[in-house]
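Working notes, structure below.
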Amino acid sequence: LPRMQSSGSKPCPCPSFKLREVASMYFTMIAVFLVILVVALQGSAPRRSDFPYKVPLDPQGLLELSWNVSYPEQVVHFQLLVRDLRFGLLFGMSDRGEFENADLAVLWSDGHNSYFGDAWSDAQGQLHMDSQQDYQLLGARRAPEGLYLLFRRAFSTCDPKDYIIEDGTVHLIYGILEKPVHSLQAINVSALHRGLQRVQLLKPNITVPELPSDMKTMEITAPNVVIPSQETTYWCYMTELPVDFPKHHIIMYEPVITAGNEALVHHMEVFQCTAEFDSFPHYNGPCDSKMKPDRLNYCRHVLAAWAMGAQAFYYPKEAGLAFGGPGSSRYLRLEIHYHNPLVFKGRHDSSGIRLYYTATLRRYDAGIMELGLVYTPVMAIPPGEDAFILRGYCTDKCTRLALPAAGIRIFASQLHTHLAGRKVVTVLSRDGKEQQVVNADGHYSPHFQEIRMLKEMVAVFPGDELVTTCTYNTEDRSRATVGGFGILEEMCVNYVHYYPQTQLELCKSAVDPGYLHRYFNLVNRFNDEEVCTCPQVSVSQQFFSVPWNTFNRDVLKSLYGFAPISMHCNKSSAVRFPGEWEKQPLPIITEMLPEPVPRCPPVPGPRPAAPVPLDLGQLRR
């Protein structure tokens with residue numbers, strides 16, 4: 001290139017480079033830097049603190065996933081430990097854990113060479129290399145315990161073949177390649193050893209509050225349980241607090257899991273029993289056993305809940321959950337869900353939950369309030385529905401009467417339905433305008449329930465409304481699903497954890513029964529098959545006898561969308577606050593929150609739709 005010189009200046013003695021040579025040197029330096037980076041990643045073990053969240057993917061613990069979340073970058077970093085690598089594996093996400101229409105990171109080997117790539121599966125489960133490689137490999141290294149794979153993935157990629165990582169439940173899927181394959185397309189997904197794990201990937205970035213010096217611990221653990229050799233077991237164990245145990249505040253809790261059973265203990269809850277009984281029988285056995293005393297059904301007040309992948313739960317520094325003292329039952333029920341798909345026999349377990357508590361009471365007692373639908377058969381879902389919606393209301397009339405002028409602060413939430421539940425969301429509204437989402441799970445699973453700390457506290461004031469919406473799927477059912485306590489009946493609940501505690505313990509609704517009676521009369525007028533509306537026939541039986549044609553389905557949907565409601569604005573004594581609560585109008589929402597728009601990450605340049613070669617040495621035959 002010509003060089004401009006000022007008059008009288010001497011020519012520059014520096015060598016003159018052509019543009020092609022400069023570009024060549026630049027890209028060579030970049031390539032050397034990338035090689036050094038990959039080698040550094042392959043040669044160094046990440047610190048445990050780099051990946052604070054961890055979960056076993058398979059029941060044998062051969063695959064262990066650790067991860068961290070960067071909210072500024074909108075990225076999840078994954079570390080996958082493969083303890084017994086054969087010829088590769090699949091890891092990914094899908095709507096409900098299916099291997100069809102899944103978003104996958106794939107490691108495979110032909111026995112000599114290994115490859116890593118971003119792939120997707122179609123409706124038949126056939127794998128395809130993604131044209132946009134969004135699972136970005138950061139490194140791989142061997143260690144005595146197995147192979148570590150490090151890769152990252154943006155929350156949203158704006159690739160139609162990719163899964164959007166959202167708040168709430170994520171269904172992770174995995175598959176293990178037992179034989180070498182010569183190409184990605186040659187992988188037969190249906191023939192793999194494969195499975196599913198549910199987690200909350202996007203954990204809230206919570207600051208851990210300082211714990212008091214007088215803090216004590218109490219372990220609520222089931223003693224030496226022999227885990228039954230069946231896929232699913234709910235185990236119940238009764239224990240009690242010491243006599244005259246004074247009032248304390250629970251300020252934190254965490255799981256206590258017997259070593260070796262990390263992949264079998266699915267979730268756990270500690271319930272406090274009602275104070276209306278002076279004593280409860282001791283019990284240590286399956287929750288569905290005929291030997292379980294009926295009185296244990298009166299132990300329903302949640303003190304702690306943990307699910308696989310969750311960390312310790314901390315209360316805000318200004319609040320604690322009260323237990324002990326006058327008016328509080330001494331009796332506690334621990335419930336453990338064991339998930340044993342490989343039907344291991346003779347496994348002993350003494351898992352449970354460790355409570356951290358203090359006698360130095362914090363400024364506020366924390367409370368738990370139920371939002372959503374009343375447990376009643378008047379709220380029903382027809383059979384064969386793929387996405388039937390029911391809503392439960394906590395109305396402005398109730399919050400105006402029951403909440404203090406300064407309002408309450410919601411800091412955690414536990415969503416709950418039975419087996420047909422697919423989505424749950426609670427939205428706060430004020431003056432007819434939606435303000436914010438309290439908690440939402442667009443991929444909700446009844447098999448994965450935990451108390452989740454919110455990313456930010458939600459302030460609720462007198463006159464506010466809280467609407468909880470549940471979406472159900474009954475495509476596998478031949479008759480109506482009614483509301484109730486049975487596992488094949490349905491619920492729609494959000495247990496919100498808040499402070500300061502108020503007298504309001506339940507703020508829920510159900511359709512007015514008189515309007516439902518009119519619905520059954522209408523069904524009789526327009527159908528040959530009569531639904532008996534006589535008083536001696538239960539609401540459930542009336543729903544079971546409805547012929548579920550399009551007309552009857554649509555009218556029921558309309559009924560739930562306009563009919564007045566029966567409000568349950570209840571104190572802890574199960575008595576309603578004074579006032580008129582029947583035939584209340586539905587809240588009118590005039591302004592809804594906008595749908596969230598996915599944030600596409602900046603793309604540094606087109607990445608070729610080709611796998612990344614990996615040198616993992618000779619894999620095991």
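The values are calculated or read from the model by the stated rules, or taken from the named source; none is laboratory data. Predicted model only: the values in this text are computed from it and were never measured. A quick note on method: Cβ atoms are made from the backbone with ideal geometry, for glycine too, and the neighbour counts reach across all protein chains shown. SASA here: full protein model, heavy atoms, side chains in, ligands and nucleic acids out. Shrake-Rupley method; radii C 1.70, N 1.55, O 1.52, S 1.80 Å.
May I ask you to verify whether residue 483 is surrounded by 22 or more Cβ atoms within 10 Å (Cβ to Cβ) and within 32 Å of the chain's Cα centre (by Cα)? Against the criterion (surrounded by 22 or more Cβ atoms within 10 Å (Cβ to Cβ) and within 32 Å of the chain's Cα centre (by Cα)), residue 483 qualifies. Evaluating residue 408 against the criteria (1) open to solvent by 10 Å² or more (accessible area, probe 1.4 Å); (2) modelled with pLDDT of 95 or more leaves one unmet condition, (1).
Taken over the stretch 528-543, residues that are open to solvent by 60 Å² or more (accessible area, probe 1.4 Å) and either assigned to a helix (DSSP H, G or I) or touching a residue at least 40 places away in the same chain (Cβ under 8 Å) (or both) amount to 1. So, in the stretch 191-214, of the ones that are surrounded by fewer than 13 Cβ atoms within 10 Å (Cβ to Cβ) and free of Cβ contacts under 8 Å to residues at least 24 places away in the same chain, which residue ends up farthest from residue 167 (Cα to Cα)? Only one residue fits best here, namely 213.
With over 25 Å from residue 250 (Cα atoms), touching a residue at least 12 places away in the same chain (Cβ under 8 Å), in a strand (DSSP E or B) and touching a Leu at 6+ places or on another chain (Cβ under 8 Å) as the only criterion, which of 466, 419 stands out?
466
Condition check: among the basic types (Lys, Arg) and within 22 Å of the chain's Cα centre (by Cα). Does residue 333 satisfy that? So residue 333 does not fit the description; no.
The residues of the stretch 153-190 that are surrounded by fewer than 22 Cβ atoms within 10 Å (Cβ to Cβ), over 21 Å from the mean Cα position of the chain (by Cα), over 16 Å from residue 131 (Cα atoms) and hydrophobic (A, V, I, L, M, F, W, C), listed by number, are 176, 181, 186, 189. Residues in the stretch 552-577 that are modelled with pLDDT of 95 or more and open to solvent by 60 Å² or more (accessible area, probe 1.4 Å): 554, 557, 558, 562.
The condition (being outside the structural domain of residue 314 (by the TED database) and either touching a Lys or Arg at 6+ places or on another chain (Cβ under 6 Å) or free of Cβ contacts under 8 Å to residues at least 40 places away in the same chain (or both)) is satisfied by just one residue among 185, 133: 133. Filtered by the rule that a residue be open to solvent by 10 Å² or more (accessible area, probe 1.4 Å) and part of a strand (DSSP E or B), the stretch 491-509 gives 495, 499, 505, 506.
Applying the criterion of being touching an Asp or Glu at 6+ places or on another chain (Cβ under 7 Å) and assigned to a strand (DSSP E or B) to the residues of the stretch 360-369, the residue that is modelled with the lowest pLDDT is 369.
What's the number of the condition residue 281 fails, among (1) open to solvent by 40 Å² or more (accessible area, probe 1.4 Å); (2) out of contact with any Asp or Glu (no Cβ under 9 Å at 6 or more places or on another chain); (3) within 22 Å of residue 446 (Cα to Cα)? All conditions are met except number (3).
Checked against (1) modelled with pLDDT under 95; (2) open to solvent by 90 Å² or more (accessible area, probe 1.4 Å); (3) more than 29 Å from residue 128 (Cβ to Cβ); (4) not charged (D, E, K, R), residue 597 passes all but a single condition, namely (3).
Only one residue in 533, 502, 550 is more than 13 Å from residue 380 (Cα to Cα), in contact with a Gly (Cβ under 8 Å, 6 or more places away or on another chain) and β-branched (Val, Ile, Thr). Which one?
Residue meeting the stated conditions: 502.
Taken as a whole, the stretch 517-527 holds at least one residue that is surrounded by 13 or more Cβ atoms within 10 Å (Cβ to Cβ) and either outside the structural domain of residue 392 (by the TED database) or among the basic types (Lys, Arg) (or both).
Given the criteria part of a loop (DSSP other than H, G, I, E, B) and either acidic (Asp, Glu) or over 30 Å from residue 571 (Cα atoms) (or both), does residue 554 qualify? In short, no.
Taking the stretch 228-266 as the range and being among the hydrophobic types (A, V, I, L, M, F, W, C) and open to solvent by 70 Å² or more (accessible area, probe 1.4 Å) as the test, the residues that pass are 243, 259. A single member of 542, 618 is modelled with pLDDT under 95 and in the same structural domain as residue 505 (by the TED database), and it is 542. When the residues of the stretch 342-398 are filtered to those that are of a type in the set (Val, Ile, Thr) and out of contact with any Pro (no Cβ under 7 Å at 6 or more places or on another chain), the one that is most open to solvent (accessible area, probe 1.4 Å) is 389.
Restricting to the stretch 284-307, and then to whatever is closer than 14 Å to residue 220 by Cα and touching an Asp or Glu at 6+ places or on another chain (Cβ under 9 Å), can you tell me which residue is surrounded by the fewest Cβ atoms within 10 Å (Cβ to Cβ)? Going through the qualifying residues, I end up with 302. Sub-9 Å Cβ pairs linking a first residue in the stretch 564-585 that is more than 18 Å from residue 466 (Cβ to Cβ) and without any contact (Cβ under 8 Å) to a residue 12 or more places away in the chain to a second residue that is part of a loop (DSSP other than H, G, I, E, B) and not β-branched (Val, Ile, Thr), at least 6 apart or interchain, are 573/503, ordered by first then second residue. Within the stretch 392-406, the only residue that satisfies the criterion of being under 15 Å from residue 373 (Cα atoms), of a type in the set (Ser, Thr, Tyr) and either outside any loop (DSSP other than H, G, I, E, B) or not assigned by the TED database to the domain that holds residue 431 (or both) is 393.
Quick grid of which residues meet (1) open to solvent by 20 Å² or more (accessible area, probe 1.4 Å); (2) over 23 Å from residue 187 (Cβ atoms); (3) modelled with pLDDT of 95 or more:
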{"residue": "76", "(1), (2), (3)": "no, yes, yes"}
{"residue": "83", "(1), (2), (3)": "yes, no, no"}
{"residue": "90", "(1), (2), (3)": "no, no, yes"}
{"residue": "113", "(1), (2), (3)": "yes, no, no"}
